[in-house]
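Notes follow the structure.
Please treat every number below as a calculation from the coordinates, not as lab data. If you're wondering where the values come from, they're calculated on a predicted model, not measured in any experiment. Note that each Cβ is placed from the backbone with ideal geometry, even for glycine, and that neighbours are counted across all protein chains shown.
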There are 2 protein chains.
Amino acid sequence: MIDKKYSLGIDIGGTNTVFGLIDGGGHIIKKDSILTNSNNPPRSLFEKIFNTIKKWEIELDNSDIVRDIGVGVPNGNYFTGMVVSPPNMGKDWDELNLCSLIKTFNNVPVSITNDANAAALGEKYYGVAKSMNDVVIITLGSGLGSGIIVNNNMVYGHDGFAGELGHLSIDPEGRECGCGRRGCLEMYVSAKGLDYTTREYRREYPDNKFLQSIDAQNVDGKLFDDAFDDGNKIVIDIYKYTGHMLGIGLAQIATILSPEAFVFYGGLSNAKHRILDSAKDSMNDSLLSFQKNKIKILLSELSDGEAGILGAACLNILRN
Amino acid sequence: MIDKKYSLGIDIGGTNTVFGLIDGGGHIIKKDSILTNSNNPPRSLFEKIFNTIKKWEIELDNSDIVRDIGVGVPNGNYFTGMVVSPPNMGKDWDELNLCSLIKTFNNVPVSITNDANAAALGEKYYGVAKSMNDVVIITLGSGLGSGIIVNNNMVYGHDGFAGELGHLSIDPEGRECGCGRRGCLEMYVSAKGLDYTTREYRREYPDNKFLQSIDAQNVDGKLFDDAFDDGNKIVIDIYKYTGHMLGIGLAQIATILSPEAFVFYGGLSNAKHRILDSAKDSMNDSLLSFQKNKIKILLSELSDGEAGILGAACLNILRN
């Protein structure tokens, strides 16, 4: 009897790393989550992961279970296998040849890409984007990440750096971004952007009790969602503004790519229609006449943390 | 002996229509140019074209010379075969099923796309973009058109309307565009945009003799190029501004697609380095750090009017 082999999908985030064994049909056979602790040497993260794999091999009575390894990691480059200047990660992750490092643990085919691309592939192969050839998948997390599918394939660009939609400038005079430019989409539409907007509102309405009562360095999305549902005018306004700015960015992207849909996932996407309805209106307002009311705005239906490992697990199959 | 067959490439413009017979190696066997006269019924244009084909068949002693037909036409849709609301064309060209019309003349495979996409395919298969998998081709004509190649394929989007880079907004408070939006790239970077900028300068410098001496409804590019070379400060400024705005747009596109190069052709691209040098500087200023100084700015090397028919001639081969 030939032992069954699986793809190991790893989704490395600034805080948590999720990994799992995935079969060819996209079923997650085993899955675990550990802290990334990115200030420790990267090697120590993989020691933990491969110790768990050994445990799984014993449980499944299968001594050589990994066919290939795919990794989504901030600023991971599909072409070079390198991680360069990943935001919110320790310094040992900069200029790291991640493919080489992983191969010292298990010398099977290894591919990496950035975390947003991995999640996009998960949506494309196992999520709501399954039947779509042209679709843009957007993570609304602490920042705004994205993966773009065109003609049924991932868009990497000539150097692996395509799809930086968080840094699309929607206003040349807009908010200053950490990247050194102004008006980047993620300065408006992300947890960071929501905090920024909330602080602006707080300065504008110094007597508003609700605004003074909350932590505007780190807005609690659930609290905002509830306030929105209770008819809190300030929160309705803040969400409307956030959606409005998102819609402007989506229209820019649609002018270039005309995708069938934008698919959203990540923390801030839990606000759902509260942000996305106004995003849709503002996108349609800003689109060329023949594109209006044709592009879908969808929410991911995959479980939290699964898109990334599912997509990462596809990377080697797609390369071949 | 089997008669040789060729692809008929047709490039329909608001003023002129160029067409030619092209072999599998991209050699133009026969070529002609006629007035489009778009206020006449579209059928009359094709009567002229197919009369010329008959003449060519006699000259080449080959009675059935056309293998397939590809057409580049403003607002031509690759998926539907329809032309919808083409700018600067007569009303009979709106909502026109062009594929069906052409098949009444010759029932071979017919494909259409918009004129900018056709020219982009010409550059991709026979021009400076030949070796590139990811490249954006931009026409600087009366407007700004574009064709995008990603992963070696044309980007049509889900509905054939991708690549409208002329309508990428680079300033939400910017110049009003005929499309109903503000700050569209072509309102700055095209013959139309150059006229607009020149009129703004004329209002700002009412005593400038050079500015008062020229026709700012229809700027003569050659005159401006010569003035630039003679050190005319106003023209140098106008071109610098034009290039600056172009660079901002290119950076937006690069943030999304990270192409290997931008390739320029069309009337205003004859200004060459006079505009493109400042475009390059402004693009690099606006790019993310890891993209700076890596993306090429190139000029088309194909003869005037050839990119369109060469690319149109590829359409059916690519479809199969």
Quiz prompt | Debye intensity ratio I(q)/I(0), log10, the range A:5-84, q values 0.17, 0.20, 0.25, 0.27 Å⁻¹ (C-alpha model) | solution = -0.69, -0.94, -1.29, -1.39
Quiz item: Which of B:Lys5/B:Lys130; A:Lys130/A:Lys292; A:Lys240/B:Lys192; B:Lys222/B:Lys280; A:Lys240/A:Lys292; A:Lys31/A:Lys103 have a Cα-Cα distance over 29 Å?
Solution: A:Lys240/B:Lys192
Exercise. Give a residue-ordered list of calculated ³J(HN,Hα) values for the range A:224-229 (Karplus: 6.51 cos²θ - 1.76 cosθ + 1.60, θ = phi - 60°; whole Hz; x for Gly, Pro).
Key: 5, 4, 5, 4, 4, 5
Quiz item: Can you give me the relative contact order of the range A:130-299 as a percent, contacts being Cα pairs under 8 Å and 6 or more apart?
Solution: 24 percent
Self-check item: Least to most buried among A:Thr197, A:Thr80, A:Thr104, B:Thr255 (fewest other Cβ within 10 Å first)
Solution: A:Thr104, A:Thr80, A:Thr197, B:Thr255
Quiz item: According to the Cα gyration tensor, what semi-axes, each the square root of 5 times an eigenvalue, does the equivalent ellipsoid of chain A have, listed from largest to smallest in whole Å?
Solution: 36, 22, 18
Quiz item: What gaps in nm, shortest first, separate B:Glu176 from its twins in the other copies when you place the label 7 Å past Cα toward the beta carbon?
Solution: 3.5
Quiz item: Between B:Tyr196 and A:Ile58, what is the FRET efficiency for a Förster distance of 56 Å, r being their Cβ-Cβ separation, to the nearest 0.05?
Solution: 0.20
Self-check item: Residue among A:Asn107, A:Asn51, A:Asn77 with the largest mean-square fluctuation in a Gaussian network model of chain A, springs linking Cα atoms under 10 Å
Solution: A:Asn51
Quiz prompt | Förster radius 25 Å - calculated FRET efficiency between A:Lys233 and A:Glu176 (Cβ-Cβ, nearest 0.05) | solution = 0.30
Quiz prompt | Beta bridge orientation in the protein assembly as shown: antiparallel %, DSSP, nearest 5 | solution = 60 percent
Quiz item: Can you list, shortest first in nanometers, how far B:Lys5 lies from the same residue in the other copies, with each label 7 Å from Cα toward Cβ?
Solution: 4.6
Practice problem: Return the sequence-ordered ³J(HN,Hα) values of the range B:117-131 in whole Hz as given by the Karplus equation 6.51 cos²θ - 1.76 cosθ + 1.60 applied to θ = phi - 60°, using x for Gly and Pro. | Solution: 5, 4, 5, 5, 5, x, 5, 5, 8, 10, x, 5, 8, 3, 8
Quiz item: Put +1 on the Cβ of every Lys and Arg and -1 on every Asp and Glu Cβ in chain B; which of B:Leu35, B:Ile295, B:Cys184 then has its Cα farthest towards the positive end of the dipole?
Solution: B:Ile295
Quiz prompt | Cα centre as origin, Lys/Arg/Asp/Glu Cβ charges: chain B dipole, Debye | solution = 300 debye
Quiz prompt | Taking A:Lys222, B:Lys292 and counting other C-beta atoms within 10 Å, the order from fewest to most | solution = A:Lys222, B:Lys292
Quiz item: To the nearest 20 debye, what is the magnitude of the charge dipole of the protein assembly as shown about its Cα centre, counting +1 on the Cβ of each Lys and Arg and -1 on the Cβ of each Asp and Glu?
Solution: 460 debye
Quiz item: Counting pairs of alpha carbon atoms under 8 Å apart in space and at least six apart in sequence, what relative contact order in percent does chain B give?
Solution: 20 percent
Quiz item: How big is the equivalent ellipsoid of the protein assembly as shown along its three axes, where each semi-axis is √(5λ) from the Cα gyration tensor, reported in whole Å from largest to smallest?
Solution: 45, 33, 22
Practice problem: Specify the residue with the greatest mean-square fluctuation among B:Ile34, B:Ile53, B:Ile148, computed from a Gaussian network of chain B linking alpha-carbon atoms under 10 Å apart. | Solution: B:Ile34
Quiz item: Using modelled amide H (1.01 Å from N, peptide plane; none on Pro or chain starts), what sits under 5 Å from the amide H of A:Gly76, excluding residues fewer than 5 places away?
Solution: A:Asn114, A:Asp115
Quiz item: Regarding the range B:131-299, what whole-number volume in Å³ per residue does the convex hull of its Cα atoms give?
Solution: 119 Å³
Self-check item: Exercise: per-residue mean of other protein chain Cβ atoms within 10 Å, B:173-181
Solution: 2
Exercise. At most 14 other Cβ atoms within 10 Å and a DSSP loop assignment: could you name the GluC sites (Glu not before Pro) in the range B:137-246 that fit?
Key: B:Glu173
Exercise. Assign unit charges at the C-beta atoms only (+1 for Lys and Arg, -1 for Asp and Glu), then state the dipole size of the range B:131-299 relative to its Cα centre in Debye, rounded to the nearest 20.
Key: 140 debye
Quiz item: How many nm separate the modelled label positions at B:Phe79 and A:Asn39, each set 7 Å beyond the Cα in the direction of the Cβ?
Solution: 5.1 nm
Quiz item: How large is ³J(HN,Hα) for each residue in the range B:7-16, as worked out from phi by the Karplus curve 6.51 cos²θ - 1.76 cosθ + 1.60 (θ = phi - 60°), to whole Hz, x for Gly and Pro?
Solution: 8, 9, x, 10, 10, 9, x, x, 9, 10
Self-check item: Residues with amide H under 5 Å from that of A:Val66, placed H, sequence gap 5 or more
Solution: A:Tyr6
Quiz prompt | Proxy reagent accessibility, fewest Cβ within 10 Å first, across B:Asp92, B:Asp61 | solution = B:Asp61, B:Asp92
